[in-house]
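Some notes on the structure that comes next.
What follows draws every value from the coordinates through simple rules; no lab data is involved. These figures come from a predicted structure and were not determined experimentally.
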């Protein structure tokens, strides 16, 4: 069976003390969640060390929101994969639509980041998804296929054991809009077929694919009931422990 995953992406929110308190609340409530659901929280870089002290030894895994595309060196302001593992990270989120849109991250750069992350022992949550213009032009399949293939064609079936895909309908992030369950299932199934074309059906069937577009307790149950949706990459709702855990209870 594929792993059910609920991952929080805090983005550029909370101060360090606020983040520590939020992590404590998530850990306290995590006992309510069935053991077959993996919980992950992705925090700003400044929070990783103190939040790891909260989640270490619990069922909550720690993720970074990004990493550098170089191992080390004169790259002022960047954070390397070794820095992430040294503070307890188990995951990193890569290719988030906001990184692509605001900071010009390309598929080529994501290949380098993914290589470094996997080599360092990190698991990768790789984000793909179309914007509103691409959706309205009926290009969402082409966009998701290109983003998936351009990065993952450089990796092996064995590598895929440590890769999670997050589908983000960019038009639904932070807008309050949500893809319908039918729309979400359709594109998740398409992404899984794309993985099958790359690595074979057996590998594709083992990769968790998460929905990442305004998922909240009120719509998570319907989304998670879809056969190819294995959980969520949660933005705003991850900033409230009750909402985050509520989503995790929706399987």
*asked:* Quick check: from the Cα gyration tensor, does region 77-178 come out rounded (a/c under 1.5), prolate or oblate?
replied: prolate
*asked:* Which of rounded, prolate or oblate describes region 26-143 when judged by the alpha-carbon gyration tensor and an a/c cut-off of 1.5?
replied: oblate
_With n ≥ 4 as the cut-off for DSSP H runs, can you work out [θ] at 222 nm for the chain, using -39500 (n - 2.57) per run divided by the number of residues, rounded to the nearest 500?_
-12000 deg cm²/dmol
*Post the alpha-carbon centroid distance, region 86-114 to region 190-246, in whole angstrom.*
19
_Bins of 5 Å from zero: percent of alpha-carbon pairs in the chain_ = 1, 7, 15, 19, 21, 18, 12, 6, 1, 0
*Could you calculate the contour length gain from residue 25 to residue 193, that is, 0.36 nm times the residue separation minus the distance between their Cα atoms, to one decimal place in nm?*
56.7 nm
*Listed residues 86, 208, 63, most fluctuating in the chain (Gaussian network, C-alpha, under 10 Å)*: 86
*Please build a GNM for the chain, connecting alpha carbons under 10 Å apart, and tell me which residue among 211, 91, 102 fluctuates the most.*
102
*Fluctuation leader among 81, 164, 31 - the chain, Gaussian network, Cα springs under 10 angstrom*: 31
_With only alpha-carbon pairs counted, each pair once and no self-pairs, how large is the Kirkwood hydrodynamic radius of region 121-251 in angstroms?_
14.9
